[in-house]
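Input: a single structure, listed below in structure tokens.
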Amino acid sequence: MVANGLADFVNPTDAELDDAWRSVAARVDPGSGRQVNFIPAEVVTCLCAMRVVDHSRFGSSSALRAPFPIPELARLFKRPNTSVLAKMANLDGSRPNGGRYDREVYDVLTADPSALDSLYWRILSAARRQGVGPDLLPDFLGLIDTVDSAAAVDGSAGTGATAILGSVRWFTGLDGEVIVDDTHVWITRERVSDYPFPTNPRRAPRSAVRACVILPAGRADADGLVHILVEGADALPENSTSHPDAVVFGYHQRREFELLVNLLIPSGTLHPDNECSEVPGDSAPARQPLVSAVALDLDSAVQPQPSGFANDGVASRGLEWFIEEVRSRGGDAARVPDTPRTAVRISVPGRNPVVVRIKSRTGTTWTASSSDQDPRVDDTGAAYWVFVDLNDRPRRIYVLPNDNVREAIREVVSLQGARSPRGRKARKVSVNIEMVRVGRDRWDLLGLPR
């Protein structure tokens, strides 16, 4: 899709926006190949993200640490973080050689914030129409649910905490939102500050929800906690006032909470702490809840772990599990021969084979070599690195492009050398979870279902 003029950016038709998101959804990851050109809807979305991210704080070596929504946009657009940040710099003119209309788009839309708000809403609405849900494109400005906020869920009158757009429904709480569509449920915290836990959007299939549990929140400013219990998940810690899998609802929002409960669990499966429920076989009245909260254990709705691990070291265990898991997802995998490095060639029907480096951990970090920053020493031809966490139950992986990992290792080595009293650089590099978190469960980069 080629832009024919400024109007394609600042005043697109709904049909053009629909076509744009269909083209984005049809993209395949180019790997280390050439990316497609930015289309107008992408450019404006990057401009909107400049409201919440200062791109000038991140260079090529630190782009991996760019905050929400940069990793989410990069994943959706099939681009590295650096590409999204570079487009932002093109827009404000701090980086030359941008698109033909980048500066003009920036000048026109930043001069009229209300027009940009409206355009953002239209772009996200078009994305939703084309099946791009909030797990792929979150409402990072928190604007799309303000329209039709008086609409009712399931046709009932709302109080402003609930919004609906097509089949997507929002339930806005004090420390986050619960978003429900036909197949999935999310927790997002796009407008939450000073939250004690990570605020990345979290998702679970609705088919994995086993109960909607009401818990006291122990907060004077709240009127409810809702726990959406996913199969295999644990209950929240006692007396929780906040939790990564919980959203607290305020006073006068009980109706919204009840609508959410009925939406997810039509039979009304409720925790005994709810004022309307009783413990089976117990005639004592249930306690009056202080609050209603919704908590999702969104990480537990993943593939079960395979058994039969080898016991000949962490690397072997991680390698064996990864190969089994690739095969269980419909691919084939075999270790790359004639190299001291742990690498696997993955074959998926209809895609070119891809080679990945495998790193496994049972402790707090993964270990890489400082020489891994130099592409000349890699004899595997790997396009990605896969970090296997053997601590997690079920197992979890983090997938990152080779170039991103090399840049991160180069930065760590540089910092280590600067801090060493003699400027000596360590031979080993510790890779922590923050360095790889953006690649969590990115099986799709390998052509496999997530």
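Placing one identical point scatterer on every Cα of the range 7-129 and ignoring solvent, what is log10 I(q)/I(0) from the Debye formula at q = 0.12, 0.14, 0.16, 0.17 Å⁻¹?
Debye curve over Cα of the range 7-129, log10 I(q)/I(0) at q = 0.12, 0.14, 0.16, 0.17 Å⁻¹: -0.41, -0.57, -0.76, -0.86.
Counting only C-alpha contacts under 8 Å and six or more residues apart, can you give the relative contact order of the range 333-393 as a whole percent?
On the way: 88 pairs, mean separation 20.0, N = 61.
Across the range 333-393, relative contact order equals 33 percent.
What is the calculated FRET efficiency for Arg437 to Gln35, with r their C-beta to C-beta distance and R₀ = 25 Å, to the nearest 0.05?
Here the calculated transfer efficiency is 0.60.
Might you report the magnitude of the Cβ-based charge dipole of the range 1-116 about its Cα centre, with Lys and Arg at +1 and Asp and Glu at -1, to the nearest 20 debye?
Result for the range 1-116 is approximately 620 debye, rounded to the nearest 20.
Can you give me the relative contact order of the range 7-129 as a percent, contacts being Cα pairs under 8 Å and 6 or more apart? Can you show the working numbers first?
Numbers: 100 pairs, mean separation 39.8, N = 123.
Across the range 7-129, relative contact order equals 32 percent.
I need Lys87, Lys78 ordered by Cβ neighbour count within 10 Å, fewest first.
On the way: Lys87 25, Lys78 17.
Fewest-to-most ranking of Lys87, Lys78: Lys78, Lys87.
Sort Asp444, Asp139, Asp372 so the one with the fewest other Cβ atoms within 10 Å of its own Cβ comes first.
On the way: Asp444 13, Asp139 25, Asp372 22.
Fewest-to-most Cβ neighbours within 10 Å comes out as Asp444, Asp372, Asp139.
Multiplying the sequence separation of Arg396 and Val377 by 0.36 nm and subtracting their Cα-Cα distance, what value in nm do you get?
Full-extension gain reported as 4.1 nm.
Along the charge dipole of the range 7-129, Cβ charges K/R +1 and D/E -1, which of Leu76, Val24, Ala63 sits furthest on the positive end?
Highest projection toward the positive end goes to Ala63.
Just to confirm my numbers, what's the Cα centroid distance between the range 317-385 and the range 1-59 in Å?
So the separation of the two Cα centres works out to 32 Å.
No lab work stands behind these numbers, since they all come straight from the coordinates. In this text, all values refer to a predicted model and were calculated from it rather than measured experimentally. With ideal geometry, Cβ positions are generated from the backbone for all residues, glycine too; neighbour counts draw on all protein chains shown.
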